[in-house]
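First up is the structure itself, then whatever we jot down about it.
The values are calculated or read from the model by the stated rules, or taken from the named source; none is laboratory data. Just so we're clear, the structure is a prediction, and the values are computed from it rather than from any experiment. Heads up, the Cβs are rebuilt from the backbone with ideal geometry, glycines too, and the neighbour counts pull from every protein chain shown.
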Amino acid sequence: MRKQIAAANWKMNLGFQQGEKLLDEILGAKIELAPDQLTLFAVPFPYLLMARSAVGEEQNYYVAAQNCYHKKSGAFTGEVSVEMLHSIGVTYCIVGHSERREYFSESNQVLAEKVNLCLGSFITPIFCCGEALTIREQGTQNEFVATQLRESLFHLEADKITQIIIAYEPIWAIGTGKTATTRQAQEMHAHLRSIIAGQYGQDIADKISILYGGSVKASNAIELFACPDVDGGLVGGASLVAAEFIEIIQALKE
Ligand code: PEP
């Protein structure tokens with residue numbers, strides 16, 4: 001059974017106290033999750049330890065980093081290594097968010113290195129893929145995401161690929177209020193699963209959680225999460241509002 005996941009991506013938002021209050025409100029809702037349901041909070045680096053202690057021993061709630069560096073250690077001023085994340089108990093990390101790809105020129109090859117380092121340090125990568133509007137308009141989105149997966153993930157052995165979470169995030173839907181229709185989301189998720197099945201076999205493909213990201217809100221989460229190949233969401237804007245994110249977590253249970 002694959003995991004159903006609600007993952008919050010705070011990006012570079014909220015002051016420290018605001019972050020503490022938000023976590024307090026969300027965790028205060030005491031939503032009990034089944035063993036195959038997870039909630040993740042990808043908070044800014046300086047808040048990771050605070051978030052870890054806020055989450056505490058809460059079942060199936062975990063903290064994620066939003067990024068990591070693609071080298072193990074060394075003279076890389078200002079960067080954060082996966083080993084550092086591991087040393088403070090972080091067990092998930094977003095890799096290849098479209099904002100990192102766009103503003104920090106992260107290539108599929110660099111992301112492959114990040115994926116390897118995460119897996120080597122017991123950190124589950126939440127690997128993001130997705131096409132820009134121009135690519136969708138040309139109708140080449142399927143080939144585009146296939147290349148992202150092939151170049152960053154398909155060097156992995158079967159036992160490693162099952163440790164990855166994939167997030168499909170069409171760039172045209174991120175922070176725009178424009179959500180992919182359930183049909184567009186389901187079609188792409190089924191396509192991603194079929195590419196993985198082509199490489200690793202259907203059994204492996206069926207084990208991998210594929211999250212949808214792009215203007216997920218309380219009002220559309222139930223419908224999106226009900227798609228057979230959508231295993232939850234990676235949520236930006238709506239994860240900053242306690243009432244919204246609480247409903248999104250609850251949507252996992254519908
Ligand atoms: C994201 O940051 O990954 C995202 C999907 O943002 P939003 O939900 O705001 O579109």
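Starting from residues that are in contact with a Leu (Cβ under 9 Å, 6 or more places away or on another chain) and part of a helix (DSSP H, G or I), keep the ones in the stretch 66-90 and report whichever is surrounded by the fewest Cβ atoms within 10 Å (Cβ to Cβ).
Looking at the filtered set, the residue picked out is GLU83.
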### Message
Can you confirm whether VAL110 is more than 12 Å from SER98 (Cβ to Cβ), β-branched (Val, Ile, Thr) and either in a helix (DSSP H, G or I) or modelled with pLDDT under 95 (or both)?
### Response
yes
### Message
Of all residues being among the polar types (S, T, N, Q) and within 22 Å of ARG193 (Cα to Cα) in the stretch 108-137, which is nearest to the ligand (Cβ to nearest atom)? Just the residue, please.
### Response
THR124
### Summary
Counting only residues that are of a type in the set (Gly, Ala, Ser), in a loop (DSSP other than H, G, I, E, B) and either in contact with a helix residue (DSSP H, G or I) (Cβ under 8 Å, 6 or more places away or on another chain) or away from the ligand (no atom under 11 Å from the Cβ) (or both), the stretch 201-239 contains a total of 5
### Query
Counting only residues that are more than 10 Å from the ligand (Cβ to nearest atom) and among the basic types (Lys, Arg), which one in the stretch 163-195 is farthest from ILE123 (Cα to Cα)?
ARG183
### Search result, residues across the stretch 223-239 that are under 25 Å from ASP24 (Cβ atoms) and either of a type outside the set (A, V, I, L, M, F, W, C) or surrounded by fewer than 18 Cβ atoms within 10 Å (Cβ to Cβ) (or both)
GLY232, GLY233, GLY236, GLY237, SER239
### Task
Check every one of the helices (runs of 4 or more DSSP H) wholly within the stretch 115-161 and list those with 3 or more residues that are under 20 Å from ASN67 (Cβ atoms).
141-153
### Task
Scan the stretch 108-142 for residues that are without any contact (Cβ under 8 Å) to a residue 40 or more places away in the chain and closer than 28 Å to GLN184 by Cβ and report the count.
8
#### Entry: Unique residue being out of contact with any strand residue (DSSP E or B) (no Cβ under 9 Å at 6 or more places or on another chain) and β-branched (Val, Ile, Thr) when the list is ILE174, ILE195, ILE164, ILE123
ILE195
### Task
Count, please, the residues in the stretch 161-180 that happen to be in contact with a helix residue (DSSP H, G or I) (Cβ under 9 Å, 6 or more places away or on another chain) and either farther than 18 Å from GLY236 by Cβ or surrounded by fewer than 18 Cβ atoms within 10 Å (Cβ to Cβ) (or both).
7
### Task
Quickly run through the stretch 30-53 and pick out the residues that are assigned to a loop (DSSP other than H, G, I, E, B) and surrounded by 15 or more Cβ atoms within 10 Å (Cβ to Cβ).
ILE31, LEU33, VAL43, PRO44
### Task
Go through (1) outside any strand (DSSP E or B); (2) modelled with pLDDT of 95 or more; (3) over 14 Å from SER239 (Cα atoms) one by one and return the number of the condition MET12 breaks.
(3)
